[in-house]
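Notes for the one structure printed next.
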Amino acid sequence: MDDIAFLDGTAQADLVRRKEVKPVELVDAAIERIERLNPTLNAVITPMYDEARRVASGPLPDGPFAGVPYLLKDLGAEYAGSRLAEGSALLGDYVSDHDTELVARLKRAGLIVLGKTNTPEFGLLPTTEPRLFGPTRNPWDASRTAGGSSGGSGAAVGAAMVPMAHGNDGGGSIRIPASCCGVFGLKPTRARTPLGPDLAEDWHGLVIGHALTRSVRDSAILLDATSGPDLGDPYWAPPQERPFIEEVGADPGHLRIAFTSDAAGVAVHPDCVAAVMDAAALCSDLGHDVVEASPALDQERITLSVIGLIAASTTAQVDYWASRVGRTPTEDLLEPYTWALYQAGQQRLASEYILGVHDLQRLSRDVARFFLEFDVWLTPTLAEPPPPLGSFDPTPANPLQGLTRSAIFMPFTPICNITGQPAMSVPLYWNADGLPVGAHFAARFGDEATLFRLAAQLEQARPWADRRPPISAVK
């Protein structure tokens, strides 16, 4: 079963389909791995083992991943009968009374949920170190962050607890842990997957849900199973021409790829520069036209607008949950960083918020014009390899220290949340310390197809499936 652990979800589902293994055997083996590895990694914070065994022992939907173990990020994904904490003491012992639409689609795909994964409080930081549950550790180096906010899912997939796990992304929260943990992470086009029934959009459209996976084909098949508008959605992504899985292995053609390692005033670590240069060279060797170029961006204005939007959205999110659970937000129920953002959002004028949104919408148009000339934009996923745990901790003098640190750590990923474009972190490079350093690729709005074609080509040229971290399913 340890060998099966490193198979992707598609291969595990095929074993079930051929009756070579029973779903409950896959579930039990995954639970054993979680129980063995979790004391070190702290990736899973809410086990759902009894529910998983019950589902695995009964009839399963005829979905593409029937019988395959899966984990839900403990943020924005409600599973009826299971606790939801979102990394915050504010929610207390709240238990969901319904499934979110995305969870319902995951169930119809045949996935069996084993538990919930760790996340920073309300997903606000690019590291997973909530006060409530403690830090998630990186399977490549337990002293370092697994990234965030889908860090628990990234660590679980990186260590092969499960072949894939849920994530959502409002500024890089799928792609950041994918880079830190050496797995594949795709952020779909805005509104490609649903946020309902409780929300129509989150962070004014910046947030989208999908997954971290071991393989490109798993990501494509899963997106086929979960994409499409929900009833009452205010808008939705352009429909794809054909199933995403048909793009995996299809010829990407001769792509025009722009690349840069410049972060407009933020120092980029030499390892991240090397990762981009390596990816650019690989793309060139594969026959693509690769040139150094990037859109002109007013980074200071972007940062101010995004901070204002996040502060206002944090205030709304805290008040939303306070209303649902019947509690009053107080300083002792929230972490210092969250409390500071909550207070900042309370002071923000509605007109300031709307003007900030206008700034971000203008940025989207500027970037869209850049993609008239190029098919793909390549950058580092992050400006440095996974930093030590504690790097984002607040200080008594500066509770928002994590905000400044985040801007230095992740200057590249938020752009595609602002524009709504699909983007992915691909694990092509490991540094001299044995740490993964992701390469970040973005495509035009609605064009996941190009990314899946390119990702599959890169996966074949530079396979990563056999790379196994020191903390993993191998005994």
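Any read-out appearing in this document is the output of simple, stated calculations on the displayed coordinates, not a laboratory observation. As the structure is a prediction and not an experimental result, all values here were calculated from the model. Backbone-built Cβ (ideal geometry, glycine too); neighbour counts: all protein chains shown.
Quick notes on this one:
- Look at the dipole of the chain built from charges on Cβ: of 397, 5, 296, the Cα furthest out on the positive end belongs to 5.
- Listed peptides 23-32, 158-167 by packing density, highest first (mean Cβ within 10 Å): 158-167, 23-32
- Contact order normalised by residue count of the range 2-461, Cα under 8 Å, 6+ apart, percent: 17
- Magnitude of the charge dipole, the range 48-191, Cβ model with Lys/Arg +1 and Asp/Glu -1, debye to 20: 360
- Peptides 381-389, 408-416, 124-132, 431-439 ranked from most to least packed, by the mean per-residue count of other Cβ atoms within 10 Å: 124-132, 408-416, 381-389, 431-439.
- Qualifying lysines (Cα of each under 18 Å from Cα of residue 73; at least 8 residues distant if same chain): 107, 116, 187
- Mean ellipticity per residue at 222 nm, deg cm²/dmol - from DSSP H runs of n ≥ 4 across the chain, formula -39500 (n - 2.57): -12000 deg cm²/dmol
- Stokes-Einstein D (µm²/s) once Rh is taken as the Kirkwood radius of the range 64-182 over alpha-carbon pairs, at 4 °C in 1.567 mPa s: 92
- Kirkwood-Stokes translational diffusion coefficient of the chain, alpha-carbon pairs, 37 °C, 0.692 mPa s, µm²/s: 150
- Antiparallel bridge percentage (DSSP; both residues within the range 65-185; nearest 5): 40
- Gap separating the Cα centres of the range 16-36 and the range 255-291, nearest whole Å: 40
- Taken as Cα centroids, the range 318-372 and the range 424-465 sit 31 Å apart, rounded to the nearest whole angstrom.
- Once backbone amide H atoms are built at 1.01 Å from N, residue 290 has 257 as its partners under 5 Å, excluding neighbours fewer than 5 places away on the same chain.
- Only beta bridges with both residues in the range 2-461 are counted; by DSSP, about 70 percent of them are antiparallel.
- Dipole orientation for the range 2-461: of the candidates 27, 438, 424, 27 has the Cα lying most toward the positive pole (charges on Cβ; Lys, Arg +1; Asp, Glu -1).
- Magnitude of the charge dipole for the chain, about its Cα centre and with charges confined to Cβ atoms of Lys, Arg (+1) and Asp, Glu (-1), is about 440 debye.
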